[in-house]
Structures are given as C-alpha cells and as structure tokens.
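Data first, discussion second: the structure below is written as structure tokens.
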Amino acid sequence: MRIVFMGTPDFSVSALKNLIQNETVVAVYTQPDKPVGRGLQVQPSPVKKVALEHSIPVFTPEKISTDEEVERLKSFQADFFVVVAYGQILKPAVIAVPNLGCINIHSSLLPRWRGAAPIHWALLSGDAETGVTTMMIAPKLDAGDMLLQEKIKIQAEDTSSTLLIKLADLGGNLILTTLRGIVSGTVKRVQQDESKVTYAKKLTKEMEELDWSGSATSVDLQVRALNPWPGTRIESTIGMKIKIKSGKPSLELRTAKAGQLISHPNGLFLTCAQGCYWISELQEEGKKPVSSADFLNGLKGRGVTLPLDLVLKASKT
C-alpha cells in the first residue's frame, strides 16, 4: 500500500511508526514548525521528526487544499491518506485524491465525542470507557462512516495525559488492521447514528476554575481531565491562587463546610458540597509544583500558622 500520512502531535506518532514499519509511506504532511517553550525556539512537530529520521519527504503547507497542493498530492498516487490529528480540515478536492480513501483515527467511541477534545470530555463526563474509531473522512466534522473501533476501560487513576498515550498506541495498531481490511474487503463502512452524537468542545482557559460546589468525585474528574492544560485553579478570599495537580476523593472531613482548604493530620483537603478531595500535588501561583506536605512546610517557613483553614472564593462555574 502507498500511503500519504497527515498528522502533527505526539498522538499521531504511534500510527506513523506502525505504518512505516509495515507499509510504504510515500510522503508526510504536518503543520509548519513553530516556537516552543519559554525560549520560543522554533521546533518541528513530533511527526516531522519521525518522518525525517526515516528519510520520508515532509511537506508543511499553511493550507493543504490549494490547487497546487492538490496536484502534488495526486502525484504520489496513494492508495490511502491516513489522517491523525493533522490540524487542518480537508476539503472535498483533497478527500477525493487517494484511490481507496482518506482514513482518520479519532480518539473516541464515535458517535460519542465528535470534536476537538474527546479524551478530556470523556473524563469530565465520568465515562466508564473510551477508545478509538477508524473512520472515512467526510466534509462534516467527524461525521464519516465508521470502520473499526476498539475500547478500553477508564481507570480511576487515568488522566488526559495517560489516556492520550493509551489511545495513541491503540490507534496505531488499529489503523493497520483497518487499511488491510479495506483492501481485503473484510472491513465494512457503518454509518454513525446521528441521534447519539455528542460534541467535545474545545478547551478554554476559563475552564481552569475548579468547581467545588458539587461532589468530590466531580472535582476529581476535573483535575484528571484538565491537567496539564488549562489546569484546575482555586483562589482563597485572601488572594492565594493554587493549581491542583493531583489527588483523589476522600472520606475525611465529611462534616466540614464546602469551599475550604484545610490542613489535617492526614494531609491537605479541599472541602466540597459532597465529600472532600485530598490534594497530593499542587502549584502556588509563581512557584513550582510541590507535594502538599512540602507546600505546608513552606507555609511554616513563611510564618503562616497551621493548621491551615482558608476560605475559598465561590466558583463562577
């Protein structure tokens, strides 16, 4: 099989490597190099790095659907375009180029969680399972016919970061099975049930405000889903701003009033309307992430009287 691969972030790399090892990747399309990190040094995408390591031609057009790029795509005489988190929407002129179709790996169990942040919304919503779907690309976002799916259970310790790694590996294996199944005729197209569609809207900076007015379980889902970005932030009435990095629901302090940050012999707790949340790692504004124990020790060094009992500003969520 002759394949043109289109992808950009780390999530795309597993699929690209698997295709390189087993089929003929004739070209790679990825987003242009961009400044990264505090030093803003221009860096190639993870996909570009892998392609160059294997001496595969790389193309980084600002717009892939121009007449010039469509003609170049035709020159590769590809059987498939494989698209994994590329970062551009393909127009019909591009979709029509490959002999056997444009195939996408989507990180959800379609038709649930179409859109920009399916992994995060699966966690935020407390889904018991997630997975990957291989699908035909259609002009409408994530609405193409499904080909294959593979599921995994969401574990209590999973975060968006750990799920991304798991689903990237899952998709990297599933894409090869999908392409070979299309060629052999064993994989059939299945239309999505539009009545079951949900949308995973793009994450925003405003989502970082942690909502403790519900349950500790809800807080846990927010922390796991939104770390590392945009994170989950609380603010005390005296102006202390803290990002919670990790923790878990707890049975401690069940009678405490909601909306407090309390130190206790068993650790540091955020009290919620239903239960409380034990904080294992946090980051005070302008400082590095630390364990809750180191945070409390640091407060002692700053002359803060313990045990700590901070009242939090009410969530706007």
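Listed here are the residues, each with its yes/no results for (1) modelled with pLDDT under 95; (2) touching a Cys at 6+ places or on another chain (Cβ under 8 Å); (3) among the polar types (S, T, N, Q).
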residue	(1), (2), (3)
THR217	no, no, yes
GLY239	yes, no, no
ALA258	yes, yes, no
GLU284	yes, no, no
SER291	no, no, yes
Filter the stretch 121-162 for residues that are in contact with a helix residue (DSSP H, G or I) (Cβ under 7 Å, 6 or more places away or on another chain), exposed (fewer than 15 other Cβ atoms within 10 Å of the Cβ) and within 20 Å of ILE95 (Cα to Cα) and give the result.
-> PRO139
Enumeration of residues in the stretch 171-190 that are more than 24 Å from ILE20 (Cβ to Cβ) and either of a type in the set (Ser, Thr, Tyr) or not in a strand (DSSP E or B) (or both) = GLY185, LYS188, ARG189
Yes or no: ILE165 surrounded by fewer than 17 Cβ atoms within 10 Å (Cβ to Cβ), in contact with a Lys or Arg (Cβ under 7 Å, 6 or more places away or on another chain) and not charged (D, E, K, R)?
-> no
Please find, among LEU40, LEU73, LEU52, LEU19, the residue that is surrounded by 20 or more Cβ atoms within 10 Å (Cβ to Cβ) and over 22 Å from LEU170 (Cβ atoms).
-> LEU73
Selection count, the stretch 76-95, where residues are modelled with pLDDT of 95 or more, in contact with a strand residue (DSSP E or B) (Cβ under 9 Å, 6 or more places away or on another chain) and small (Gly, Ala, Ser) | 2
What's the number of the condition PRO118 fails, among (1) in contact (Cβ under 8 Å) with a residue 60 or more places away in the chain; (2) touching a helix residue (DSSP H, G or I) at 6+ places or on another chain (Cβ under 6 Å); (3) not acidic (Asp, Glu)?
-> (2)
Any residue at all in the stretch 244-252 that is farther than 23 Å from ALA128 by Cα and surrounded by fewer than 19 Cβ atoms within 10 Å (Cβ to Cβ)?
-> yes
Mind checking whether some residue in the stretch 280-298 is out of contact with any helix residue (DSSP H, G or I) (no Cβ under 9 Å at 6 or more places or on another chain) and β-branched (Val, Ile, Thr)?
-> no
Considering residues of the stretch 262-306 that are surrounded by fewer than 20 Cβ atoms within 10 Å (Cβ to Cβ) and hydrophobic (A, V, I, L, M, F, W, C) only, the residue farthest from PRO249 (Cα to Cα) | VAL304
Residue that is nearest to ASP158 (Cα to Cα) [pool: residues in the stretch 243-257 that are among the hydrophobic types (A, V, I, L, M, F, W, C) and touching a Gly at 6+ places or on another chain (Cβ under 9 Å)] = ILE244
Which one of these is touching a residue at least 60 places away in the same chain (Cβ under 8 Å), over 28 Å from GLU129 (Cβ atoms) and surrounded by fewer than 16 Cβ atoms within 10 Å (Cβ to Cβ): THR237, THR217, THR255?
-> THR237
Return the total of residues in the stretch 126-170 being in a loop (DSSP other than H, G, I, E, B), hydrophobic (A, V, I, L, M, F, W, C) and in contact with a Leu (Cβ under 8 Å, 6 or more places away or on another chain).
-> 2
In the stretch 71-91, anything touching a residue at least 24 places away in the same chain (Cβ under 8 Å), under 21 Å from MET1 (Cα atoms) and out of contact with any Leu (no Cβ under 9 Å at 6 or more places or on another chain) is listed as LEU73, PHE76, GLN77, TYR86
Do the conditions hold for GLU252, that is, is it of a type in the set (Asp, Glu), on the phi < 0 side of the Ramachandran plot and in contact with a Cys (Cβ under 8 Å, 6 or more places away or on another chain)?
-> yes
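The values are calculated or read from the model by the stated rules, or taken from the named source; none is laboratory data. In this text the structure is predicted, and so the values were computed from the model without any measurement. Because the Cβ atoms are built from the backbone with ideal geometry, glycine has one as well, and the counts that use them run over all protein chains shown.
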